[in-house]
Amino acid sequence: MKLAASRELHSYWNLLRGGRSAPERSEIDPGAIRGVLADTFILEVDRSKRYPIRIAGTRTNSLFARELKGAAFLDLWQTPDQREIAAILASVADETVAVLAGVSTHPPGLRPLDLELLLLPLRHHGDTRARILGAFSPAFLPSWIGLLPAAPMTLSSLRVLGRAESSFRKQLSAARDEPARAMDFGRTPHFDRRGHLFVFTSAAEQR
């Protein structure tokens, strides 16, 4: 993780969960993460509703120049990436893995903005397939934030964090032979290993 906000949120989540696969949603104390709270959000794991946003921090709302509560998380992404994002979210919930992704947005006529996207599973009344804690951490604060909405996001890199990485790599290898599996992240992209990152080419870029 390059950005301090991502590291802080991941460390807090890791501390809360202890020996469990994920902490409870009710254990999240906003005061304990006040320094990064503005960048955070919580998703409901509801595939039919395209992962609705339950709560969004002020800077996340400002990034898209609107109140995001109730909005579908998948709608924040370019259409070619939405299947990949849906598969990643399903894997975060189903496999209880923490994921770090590199994303970008390029509003017309403005400088592109790179962000780190952190996705962390949460239990809700004991169910690990109910909530996801996340954060969009921008590499810098653009002058247009809060004035203009970010363009639909694109996904550029992906990494599974911690102890799950070796398991993920095995499942990723198996997914190439079994396209219907959840861990293939959208069933279409090609993945390359570059250092500590998994970098993929989307279906649109392959055509």
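Just one of Asp29, Asp94 is modelled with pLDDT of 95 or more and either among the acidic types (Asp, Glu) or within 17 Å of Arg159 (Cα to Cα) (or both); which is it?
Working: Asp94 fails: modelled with pLDDT of 95 or more.
Sole residue among the options that is modelled with pLDDT of 95 or more and either among the acidic types (Asp, Glu) or within 17 Å of Arg159 (Cα to Cα) (or both): Asp29.
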Can you name the residue in the range 139-163 that is hydroxyl-bearing (Ser, Thr, Tyr) and touching a residue at least 24 places away in the same chain (Cβ under 8 Å) and, of all such residues, is nearest to Phe73 (Cα to Cα)?
-> Thr154
Return yes or no: is Gly146 small (Gly, Ala, Ser), out of contact with any Gly (no Cβ under 7 Å at 6 or more places or on another chain) and modelled with pLDDT of 85 or more?
-> yes
For the range 18-57, enumerate the residues that are closer than 19 Å to Leu76 by Cβ, charged (D, E, K, R) and assigned to a helix (DSSP H, G or I).
-> Asp39, Arg47, Lys49
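Return a yes/no flag: does the range 127-142 have any residue that is in contact with a Gly (Cβ under 6 Å, 6 or more places away or on another chain) and of a type in the set (A, V, I, L, M, F, W, C).
To start, the set of residues in the range 127-142 that are in contact with a Gly (Cβ under 6 Å, 6 or more places away or on another chain) comprises none.
So far as the range 127-142 goes, no, none of its residues is in contact with a Gly (Cβ under 6 Å, 6 or more places away or on another chain) and of a type in the set (A, V, I, L, M, F, W, C).
The values are calculated or read from the model by the stated rules, or taken from the named source; none is laboratory data. Quantities reported herein were computed from a predicted structural model and do not represent experimental measurements. No Cβ is skipped: glycine too gets one built from the backbone with ideal geometry, and neighbour counts run over all protein chains shown.
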